[in-house]
Amino acid sequence: MTKYQSTKEVESFDFSAEDGTVHFVDSSLGMHKLENPNEELSVSLHLYSPPYLECRSGRHSKPSVVPYVYCQSPNNNKAPLLEGCLHDHSLKLKHCPGHVFCNFHTTVELLSQEFKSGACARTISKMLQSLQFNPREWISYVRFDKKHYTRFIIARTTKFSLMLTCWEAGQSSPIHDHNGARTWIKVLEGELHETQYKLATIAGAESLEISQENELTDETIAYRDGTVIHKNESASETVISLHVYSPPYSECHCYEMDGKSRLVQTSTIISE
Ligand SMILES: [Fe+2]
C-alpha cells in the first residue's frame with residue numbers, strides 16, 4: 001500500500017500472506033493505492049465498515065467519484081477475471097474486457113440510482129457491459145426445468161426488475177412483447193438466438209414478419225425499446241442470462257404468426 005498526501009507519496013508498505021496477520025486501517029486513511037508488486041497473482045479479502053458504494057479516485061487531474069468495485073488493469077482491456085464452470089463449481093481465470101467486479105446487491109443499488117434519475121438507455125447498457133459477476137453468486141439462483149426455461153426475480157422496484165433466466169438446449173420463449181417496458185439483456189453463460197418480428201398488413205390481413213435475427217453472447221448487451229416483439233431461444237447446451245425491465249411488467253402479449261395476440265400474466269409464459 002502506498003499512502004499519499006496532496007499526490008505526494010508519504011508512506012509505503014507491503015502486506016503478504018506469509019505475515020499471517022490481519023491489517024486494520026482506521027477511518028482516517030486518506031488517499032492511497034494498492035498494487036500487486038509481484039509477477040504472481042495475488043488475492044486478498046477486505047472487510048469495510050460501514051459499507052460504501054463509491055469512493056474518490058485521483059487517477060485523473062480532477063478527482064472523480066467512482067463505484068468502489070471499479071478495477072482497471074494497467075493494460076486496460078486485459079483484466080484477469082474469475083470464470084466459473086456451471087457444473088463442477090470450479091473457478092478459473094479468464095481474460096475479458098470488463099472492468100467492474102460486482103455482485104447483484106450492488107448492481108441493484110447502482111440500477112436504483114440510475115433509474116431514479118431517468119436512466120438513459122446507453123448508460124444502463126454501458127453499466128451492464130462493464131459489470132462482471134462471480135458465477136459463485138449467480139449459480140445460487142440457477143434453476144433448470146426440463147419443460148421450459150425458468151425466470152428468477154432478483155429484484156423488483158417501482159422502476160425496474162432484475163431477472164435471471166436459465167435455458168436448457170432447445171428451450172424457447174413464445175413470441176411476445178414487453179407491454180411497453182424497455183429491456184436490457186446480458187448473457188452470463190452460453191448463447192441466445194433472438195428473432196424479432198413486426199406486424200405487417202398484407203391484402204388487408206395482419207400477420208407477423210421476421211424483421212431481425214440476433215445472436216446474444218456474453219460479449220454483447222442487447223437493448224430493446226418498449227415496442228419489441230420477439231422470441232428468444234437457447235443456442236447452446238445451457239444459457240444463463242440477466243434481464244433488466246423498466247418499468248417492471250407482470251403481463252404482456254403473446255403472438256401467433258397470424259398476428260393475433262392475447263394478454264397473459266408473465267408467470268404463465270414459462271409454463272407454455
Ligand atoms: Fe422478451
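Listed values, structure above:
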read-out	value
Spatially proximal aspartates and glutamates relative to K33 (Cα-Cα < 13 Å; intrachain offsets below 8 disregarded)	E9, E11, D14
D_trans [Stokes-Einstein, Kirkwood Rh over alpha-carbon pairs] for region 130-178, 20 °C, 1.002 mPa s, µm² s⁻¹	169 µm²/s
Net charge of neighbours whose Cβ lies under 10 Å from the Cβ of I185, counting Lys and Arg as +1 and Asp and Glu as -1	+1
Net charge of neighbours whose Cβ lies under 14 Å from the Cβ of P248, counting Lys and Arg as +1 and Asp and Glu as -1	+3
Cross-link pairs beyond the 22 Å C-alpha cut-off, checked among K116/K198; K147/K260; K126/K159; K146/K231; K146/K198	K116/K198; K147/K260; K146/K198
Net charge contributed by nearby residues that have their C-beta within less than 9 Å of S234 (K/R +1, D/E -1)	-4
Shape of region 138-268, Cα gyration tensor, a/c cut at 1.5	prolate
Given charges at beta-carbon only (K, R positive; D, E negative), |dipole| of region 138-268 in Debye	640 debye
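Values in this text are rule-based calculations from the coordinates and carry no lab data. Worth saying up front: this structure is predicted, and the values here are computed from it rather than measured. No Cβ is skipped: glycine too gets one built from the backbone with ideal geometry, and neighbour counts run over all protein chains shown.
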